[in-house]
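Here's the structure, in structure tokens; my notes come after.
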Amino acid sequence: MNTDASNVKLNASQIEGIEQYAAASTAAGSKFQTLLIELEPVVNGWLAEGKKATVYRDRLIKHIAAHVDTMDSRTNKFANVQNWLQTKASEDVLRIVNMAERRSVVRPVFELAEMDVDLCEYEFLARWDKLAAAAAAQDIDMADVLVEHVAPNASKLGKFNKTTHSKAVKAITPEPVEIPQAEDVATEADWVVDLGNDSIRNAWHDFEAKVFSADLSDDDRTYLIEGMEALVQRLS
């Protein structure tokens with residue numbers, strides 16, 4: 001296979017591998033979303049107890065484990081669920097508990113915007129607080145953010161994902177304004193000299209007018225003024 005970046009052409013086997021992986025990845029995401037929606041009523045029924053999310057996770061794990069005990073151990077379904085319980089179930093179920101709670105919090109905002117909270121993928125909901133903070137900083141109502149900045153940036157499947165979130169945050173966050181640093185330029189007010197008599201005073205003012213009107217660098221101007229100041233002090 002030619003590996004030149006400008007001439008790469010994937011073969012049939014590679015394309016099939018990509019397609020299978022993409023299908024599995026998409027299915028996994030949709031399965032999680034389905035499980036979240038199915039278990040949300042159970043979790044919401046427990047939330048009023050005010051306990052930690054891990055408590056509700058452990059309850060669900062126990063219910064799932066009890067169900068496994070009733071399954072036919074000779075089936076692939078049993079093997080799959082048992083393997084999940086032994087590997088990723090604890091992490092996945094905790095995410096479900098947290099996202100079920102998040103969905104209950106944000107649902108009224110979606111209803112106000114006449115939108116469906118089921119459009120939110122996990123990665124969007126997990127970043128909700130950042131989007132809400134950006135909206136609050138600009139005094140923008142979150143329902144307006146959903147309508148004007150979230151919905152237009154939905155994925156091709158109409159879902160709100162991590163990319164949707166990033167674009168919405170960027171849209172409502174003003175660009176930082178650079179404030180130019182003030183140059184350290186000497187002014188007449190920086191120089192106060194004790195003038196002893198009229199002739200010296202007149203000479204100083206004449207010199208002062210010329211040195212500040214001349215096209216000099218700051219260093220040259222400072223050098224001349226300090227020299228003249230020393231001379232005036234000796235003559236006063």
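The values are calculated or read from the model by the stated rules, or taken from the named source; none is laboratory data. As the structure is a prediction and not an experimental result, all values here were calculated from the model. With ideal geometry, Cβ positions are generated from the backbone for all residues, glycine too; neighbour counts draw on all protein chains shown. These accessible areas exclude ligands, DNA and RNA; they are computed on the full protein's heavy atoms, side chains included. Shrake-Rupley method; radii C 1.70, N 1.55, O 1.52, S 1.80 Å.
Listing for the model above:
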read-out: Of the trypsin sites (Lys or Arg not before Pro) in segment 97-174, those whose Cβ has at most 11 other Cβ within 10 Å and which sit in DSSP loop; value: LYS156
read-out: Amide hydrogen neighbours beyond the local backbone of CYS120, cut-off 5 Å, H modeled; value: PHE160
read-out: For segment 22-72: rounded, prolate or oblate by the Cα gyration tensor [a/c cutoff 1.5]; value: oblate
read-out: Pairs beyond 21 Å (Cα-Cα), from LYS31/LYS162; LYS52/LYS167; LYS31/LYS159; LYS31/LYS51; LYS31/LYS77; LYS130/LYS167; value: LYS52/LYS167; LYS31/LYS51
read-out: Phi-based couplings in Hz for segment 146-151 (Karplus 6.51, -1.76, 1.60; Gly and Pro marked x); value: 4, 6, 8, 10, 8, 4
read-out: Carbon plus sulfur fraction of accessible area for segment 1-108, probe 1.4 Å, in percent; value: 54 percent
read-out: Cα shape, segment 1-149, gyration tensor, a/c 1.5 rule; value: oblate
